[in-house]
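Peer 1: Handing you this structure, nothing more for now.
The values are calculated or read from the model by the stated rules, or taken from the named source; none is laboratory data. Quick caveat: nothing in here was measured; it's all calculated off a predicted structure. Here the Cβ positions follow ideal geometry from the backbone for every residue, glycine too, while neighbour counts run over all protein chains shown.
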Amino acid sequence: MPDDAKTWEARAAAHSFYGFTDLPSIRDRGTVVVTHGEGPYVFDTNGRNYLDANSGLWNMVAGFDHKGLAEAAKAQYDRFPGYHAFFGRMSDQTVMLSEKLIEVSPFERGKVFYTNSGSEANDTLVKMLWFLNRAEGNPQRTKILTRKNAYHGVTVVSSSMTGKPYNEVFGLPLPGFLHLTCPHYWREGQAGETEADFTARMARELEDTIAREGADTIAAFVAEPVMGAGGVIPPSEGYFQAIQPILRRHGIPLISDEVICGFGRTGQVWGCDTYGFRPDAIISSKALTAGYFPMGAVILGPTLADRLQNAVEAIEEFPHGFTASGHPVGCAISLKAIEVILNEGLLDNVRALTPRFEAGLARLAENPNIGEWRGRGLMGALEAVKDKDTKTPFDSHLSVSERIANTCTDHGLICRPLGQSIVLCPPFIMTEGQMDEMFEKLETALNQVFAEVA
Ligand SMILES: *Cc1c(COP(=O)(O)O)cnc(C)c1O
């Protein structure tokens, strides 16, 4: 074994298969092997620390060393370390979490189904819809509408819902998963089109799609309130107000994928609260456990819960579930995470920090190579452009956003390149001083990279 193989970087590369990782960057720079964290910082095997401006992967909203969450996990491991939710049994923690989720949901009543991830929650939702439509005598009602650039996960079905071109390498999407235009006015708006006209065009496209496909072939419209992994894209003004009535009129359920927005990211508990729409079901994960346990949930509002219940009664069983669905440790952690976010000041801090966050983004967007800043609450993005007036992107071979993110890493800041954007979604526990540090480091990196490429 060569000496080199003893480094953490080499050991990672030798035996771990990377997902969603730019291989040229890894070859040049090696893997950052992370050992622990403090607040919003993570530490690597070389003793360096990084301010993680992405909350891990949008999820570690309470930071990396929250004592209360770790204690809740340990207490539950000591009491009852694992159980399932099959065959008429489930843990007390599962019962309590479902009550809590309905209580904090926008629904007056409803039902919760647990998964291990957001992808599986979307997958489960689609199986629920297919199941109940067949039971109701509408087996043709299978199509799922989402948007280009949307991110809904990586299972075969949730990849098909995702509106990213990279899924072509798998031969996906499956047939019957249709992607409408991304409601990003700055990028998708036509010359001379006002934002209101743009929103009206998005609504017309939905109407036309329903007319073309037939309303009775469409099982649901699934949308993130703010698109996250699409590059933090808030909807155009009035978007959900325009599309919700169309879906209602055609009896098509509107599902809010709140895997990122849920539990405070946009400044309200749910993104649908922030944007003033009323979904038929919510998909949750990520901040659901503050990232301290892999867990997702489908939260059905009253109508879908009743329809599904009726459909199940006809055959007496819903043949679906994961071994770790409703895991007692995950549920105990989630109960604590919800308390920490809603009652111990994290959501308040999101609201308090938002003006400073927006001001920081707006200031950096004065840079001639930043075309747009966008965001809501504590999720934001800066989009790099070669020419601000024409919104012309940099040549893709320059990998501008990867270079910015790599330069940030050199300065001890982790942020994420997405397309030609840099995405920031700091943890809810961030302080003003840490936020200032984040923007200072990002500004240094932007200036350095734009000086090289512009
Ligand atoms: C992350 C994400 C998912 C997928 O969740 P996983 O836990 O990674 O499977 C689904 N929807 C949205 C909006 C997400 O951001």
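Peer 1: Residue check: is Val312 crowded, with 18+ Cβ neighbours inside 10 Å, away from the ligand (no atom under 12 Å from the Cβ) and farther than 21 Å from Ser105 by Cα?
Peer 2: It is false that Val312 is crowded, with 18+ Cβ neighbours inside 10 Å, away from the ligand (no atom under 12 Å from the Cβ) and farther than 21 Å from Ser105 by Cα.
Peer 1: Going residue by residue through the stretch 234-247, is there one that turns out to be of a type outside the set (Ser, Thr, Tyr), within 15 Å of the ligand (Cβ to nearest atom), in a strand (DSSP E or B) and within 22 Å of Glu372 (Cβ to Cβ)?
Peer 2: No, the conditions are met nowhere in the stretch 234-247.
Peer 1: Give all pairs with beta carbons closer than 7 Å in which a residue from the stretch 78-101 that is of a type in the set (S, T, N, Q) meets a residue that is surrounded by fewer than 15 Cβ atoms within 10 Å (Cβ to Cβ) and part of a loop (DSSP other than H, G, I, E, B); count only pairs at least 6 apart in sequence or on separate chains.
Peer 2: Ser91/Phe80
Peer 1: Within the stretch 103-156, track down each residue that is within 15 Å of the chain's Cα centre (by Cα) and of a type in the set (A, V, I, L, M, F, W, C).
Peer 2: Ala121, Ala150, Val154, listed by residue number.
Peer 1: What tally of residues in the stretch 213-233 results from selecting those that are part of a strand (DSSP E or B) and either in contact with a helix residue (DSSP H, G or I) (Cβ under 9 Å, 6 or more places away or on another chain) or away from the ligand (no atom under 14 Å from the Cβ) (or both)?
Peer 2: The number of residues fulfilling the criteria is 7.
Peer 1: Within the stretch 249-264, track down each residue that is more than 9 Å from the ligand (Cβ to nearest atom) and either out of contact with any helix residue (DSSP H, G or I) (no Cβ under 7 Å at 6 or more places or on another chain) or outside any loop (DSSP other than H, G, I, E, B) (or both).
Peer 2: Across the stretch 249-264, the qualifying residues are Arg249, Leu254, Ile255, Ser256.
Peer 1: Right, something else. Residues being among the charged types (D, E, K, R) and either in contact with a helix residue (DSSP H, G or I) (Cβ under 8 Å, 6 or more places away or on another chain) or under 15 Å from Gln448 (Cβ atoms) (or both): count how many of those fall in the stretch 384-413.
Peer 2: 4
Peer 1: Only one of these is buried (at least 24 other Cβ atoms within 10 Å of the Cβ), at pLDDT 95 or above and basic (Lys, Arg): Arg248, Arg265, Arg278. Name it.
Peer 2: Result of the check over Arg248, Arg265, Arg278: Arg265.
Peer 1: Limited to the stretch 355-377, what total is found for residues that are out of contact with any Gly (no Cβ under 9 Å at 6 or more places or on another chain) and either hydrophobic (A, V, I, L, M, F, W, C) or part of a helix (DSSP H, G or I) (or both)?
Peer 2: Qualifying residue count for the region: 7.
Peer 1: Among the candidates Thr142, Thr146, single out the residue that is in the same structural domain as Ile299 (by TED's automatic domain parsing) and more than 11 Å from the ligand (Cβ to nearest atom).
Peer 2: So the residue among Thr142, Thr146 that is in the same structural domain as Ile299 (by TED's automatic domain parsing) and more than 11 Å from the ligand (Cβ to nearest atom) is Thr142.
Peer 1: Say we look at the stretch 278-301 and pick out the residues that are within 11 Å of the ligand (Cβ to nearest atom) and in a loop (DSSP other than H, G, I, E, B); which of these is nearest to Ile429 (Cα to Cα)?
Peer 2: Only one residue fits best here, namely Gly291.
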